[in-house]
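The values are calculated or read from the model by the stated rules, or taken from the named source; none is laboratory data. Note that the structure is a prediction, hence the values are computed from the model and not measured. With ideal geometry, Cβ positions are generated from the backbone for all residues, glycine too; neighbour counts draw on all protein chains shown. These accessible areas exclude ligands, DNA and RNA; they are computed on the full protein's heavy atoms, side chains included. Shrake-Rupley method; radii C 1.70, N 1.55, O 1.52, S 1.80 Å.
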Amino acid sequence: MTYSIDRSAFAGGTSSASERCAESLSVIQRRADLGVFLHVDDEGARAAAAESDERFAAGLARPLEGLIVAVKDNISVTGQPLTCASRMLEGFQPLYNATVVERLSDAGAIVIGKTNMDEFAMGSSNETSAYGPVRHASDAERVPGGSSGGSAVAVAAGMCHVALGSDTGGSIRQPAAFCGVYGLKPTYGRVSRHGLVAFASSLDQIGIFSRSVADMQQVFEVIAGTDPMDSTSARDVPSLPEMPAQPRIAALPLKQLDGCAPEIITAYTSYLEKLASTGAVIEDVELPHSQLWIPTYFILATAEASSNLARFDGVRYGLRVDAEDGDITTASRTAGFGAEVQRRIMLGTFALSKGYGEAYYTKAQQARMLIRQSYDRVFETYDAFALPTTPTTAFRLGEKSDPVSMWLSDYFTVSANIAGIPALSVPFGRDDKGLPIGMQLQGPMFSDERLMTLAARLEG
Ligand code: GLN
């Protein structure tokens, strides 16, 4: 279901936002087995759709009138619970809308519900949710990717037009690739994080899942922009020249694709050929320091998480468990957080602790500078960098049982968060089991629109 097509049908009176909304609700109900939603606002969505129809009829349609959007359950929507898929926040009702939600609603979009995710956005498979996993729409024994797996499946299965997710190290792009939809992680600071529950604040960005580039462009235009409520929101966004007709694109040499499944390598090669056929000039570029991507990410992300999640202590926020010995905080955190979240808090606390902080956290900050600089150097010459989104297609539920093999599946995505640059996952072909494959375009800071233009040239 593509919004740009539906919208012209709504405006032309051949179909209505109310019909579309009813269809979405019935798909959500029919595919409840996929575990996609943690909350569905049936009544609110129908009422908003009826208002959209009135506005279309009166010629008063707003820019995203009738757009049906699903929102990851770590983004605040008033009137709907917010759990981050954790027992810790069970029953929590937020008091304000995230800025992105406010902007979407003002533009006429309909928030249909909150999507399931890995607990506190930590994971790559959607198996760490305290409310059960999300399943892949075309093979229920496989994972949809994570942590925004619910949002990816919602779009892939036609439960909404577009969905919002958050991406700290790949949580939009990886599930988008696994599910065969577009996924954008914007430049750090282009989209407000106000109302997003923080995981690793220097890496987190809210972004978009869609079935077409046009849908993504329209939604991005509405949600991007300075927000006084977010002190990291970008204030002086340069307007870059259009993507040239013959862009220069850096590609990873095949030897840097070690560990990739053969079908990913084949798809990558043909993606580069397709780019070249539209006039792009492709050159192999060895990106230095790629061996630092994963360790740097996991030290920074866990360190920041250990600090951000300290607020969930059973006193100020979250689940409260009264302990016999009076240690409410330990009892509440033990009961409220799942194993992956506890593991990350412990690792992060260690990485920041006296005596080890220098060896781990400070080192990771230095590595972050090197990674940024290596990208800066590439983008002095090239307009974009093309690479696969994931080393494999969707894996089986339970297949990656040790945390390290799960973490390694983020190899191609974490560096964009470390550098703060925009990155877009584009659906490109399928493997021999029919599972979708995703390719990724990264660009210099603030080149979000240019990347979408480039992706649009290859659409279809
Ligand atoms: N999979 C990565 C992790 O587990 C990324 C998560 C994310 O982007 N929120 O940390």
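Between R316 and D106, what FRET efficiency follows from the Cβ-Cβ distance if R0 is 41 Å, with the result rounded to 0.05? Please list the in-between numbers first.
On the way: r = 31 Å, r/R0 = 0.76.
Here the calculated transfer efficiency is 0.85.
Would you work out what percent of the accessible area of the chain, with all protein chains in place, is carbon or sulfur (probe 1.4 Å)?
On the way: 9250 of 17500 Å².
The computed percentage sits at 53.
Put +1 on the Cβ of every Lys and Arg and -1 on every Asp and Glu Cβ in the chain; which of S15, T78, V414 then has its Cα farthest towards the positive end of the dipole?
It is V414.
Name the long-range amide H neighbours of L38: under 5 Å, sequence gap of 5 or more, or other chain; modelled H, no Pro or chain starts.
K114, T115, N116
Pop out the ³J(HN,Hα) list for the range 391-407 in order, Karplus 6.51 cos²θ - 1.76 cosθ + 1.60 with θ = phi - 60°, rounded to Hz; leave Gly and Pro as x.
Residue by residue, the range 391-407 yields x, 9, 8, 3, 9, 7, 4, x, 5, 9, 8, 9, x, 5, 5, 5, 5 Hz.
What is the total of Lys pairs in the chain with C-alpha atoms under 26 Å apart, excluding same-chain pairs fewer than 8 positions apart?
Eligible lysine pairs with Cα atoms under 26 Å apart amount to 13.
Count the DSSP beta bridges whose two residues both fall in the chain, then state the antiparallel fraction as a percent rounded to the nearest 5. List each step's numbers first, then the result.
Numbers: 27 of 42 bridges.
Around 65 percent antiparallel, to the nearest 5.
If packing is taken as the average count of other Cβ atoms within 10 Å, what order do 214-223, 254-263, 142-151 fall into, highest mean first?
Working: 214-223: 21.3, 254-263: 13.4, 142-151: 32.2.
My ranking of the peptides, most packed first, is 142-151, 214-223, 254-263.
Whole number in Å², please: accessible area per residue of the range 1-139, 1.4 Å probe, ligands, DNA and RNA not counted. Could the numbers behind the result be given before it?
Values: 5280 Å² over 139 residues.
Value for the range 1-139: 38 Å² per residue.
With a 1.4 Å probe and all protein chains kept in place, how much accessible area does F56 have, in Å² rounded to the nearest 10?
F56 exposes around 30 Å² with every protein chain in place.
Please compute the Kirkwood hydrodynamic radius over the range 288-370, one decimal place, Å, based on all pairs of different Cα atoms. The partial results should precede the final answer.
Values: mean 1/r = 0.0720 Å⁻¹.
One over the average 1/r among Cα pairs gives 13.9 Å for the range 288-370.
Can you compute the modelled spin-label distance between S353 and D236, with each label point 7 Å from Cα toward Cβ, in nm?
In this crude spin-label approximation the distance works out to 4.3 nm.
Remind me, relative contact order of the range 192-233 in percent, using alpha carbon pairs under 8 angstrom and six or more residues apart? Walk me through the numbers on the way to the answer.
Details: 27 pairs, mean separation 21.2, N = 42.
Reported relative contact order: 51 percent.
Could you calculate the contour length gain from L60 to S290, that is, 0.36 nm times the residue separation minus the distance between their Cα atoms, to one decimal place in nm? All intermediate terms of the calculation are to be shown ahead of the outcome.
Values: separation 230, 0.36 × 230 = 82.80 nm, distance 5.08 nm.
Gain on extension, L60 to S290, equals 77.7 nm.
Could you give the accessible area per residue of the range 186-288, probe 1.4 Å, as a whole number in Å²? Could you put the intermediate results ahead of the total?
On the way: 4390 Å² over 103 residues.
Result: 43 Å² per residue.
Please sort through the DSSP H helices of the chain and keep those with an alpha-carbon extent of at least 18 Å along the long axis and a Kyte-Doolittle average not below 0.5.
On the way: long enough: 17-30 (20 Å, -0.24); 42-58 (24 Å, -0.72); 262-277 (23 Å, 0.13); 293-308 (22 Å, 0.45); 339-352 (20 Å, 0.54); 363-381 (29 Å, -0.89).
Counting only whole DSSP H runs, the qualifying helices are 339-352.
I need the peptides 153-165, 300-312, 230-242 ranked by packing, meaning the mean over residues of other C-beta atoms within 10 angstrom, with the highest value on top. Mind dumping the intermediate values first?
Working: 153-165: 29.4, 300-312: 21.8, 230-242: 11.9.
Sorting 153-165, 300-312, 230-242 by mean packing, highest first, produces 153-165, 300-312, 230-242.
Got a sec? Charge dipole of the chain, +1 on Cβ for Lys and Arg, -1 for Asp and Glu; which of A339, M117, T2 is way out at the positive end?
A339
Quick check on the range 54-209: take the gyration tensor over C-alpha atoms, sort the square-rooted eigenvalues as a ≥ b ≥ c, and tell me if it's rounded (a/c under 1.5), prolate or oblate. Before the final figure, lay out each step's value.
Working: a/c = 1.58, a/b = 1.32, b/c = 1.19.
Prolate is the answer for the range 54-209, as a/c is 1.5 or above and a/b outweighs b/c.
Taking +1 at the Cβ of each Lys and Arg and -1 at the Cβ of each Asp and Glu, which of S105, F220, L387 sits farthest along the dipole of the chain towards its positive end, judged by Cα position relative to the Cα centre?
Value: L387.
From the convex hull of the Cα coordinates of the chain, what is the mean projected area in square nanometres?
Details: hull surface 86.5 nm².
Here the figure is 21.6 nm², rounded to one decimal.
When ranked by the protection proxy of mean other Cβ atoms within 10 Å per residue, highest first, what sequence do the peptides 336-342, 113-119, 276-282, 414-420 form? Numbers along the way, then the final one.
On the way: 336-342: 19.0, 113-119: 30.3, 276-282: 14.1, 414-420: 25.1.
In decreasing order of mean packing, 336-342, 113-119, 276-282, 414-420 become 113-119, 414-420, 336-342, 276-282.
Treat each spin label as a single point 7 Å out from the Cα along the C-beta direction, and report the S8 to T362 distance in nm.
Once both label points are built, they end up 6.0 nm from each other.
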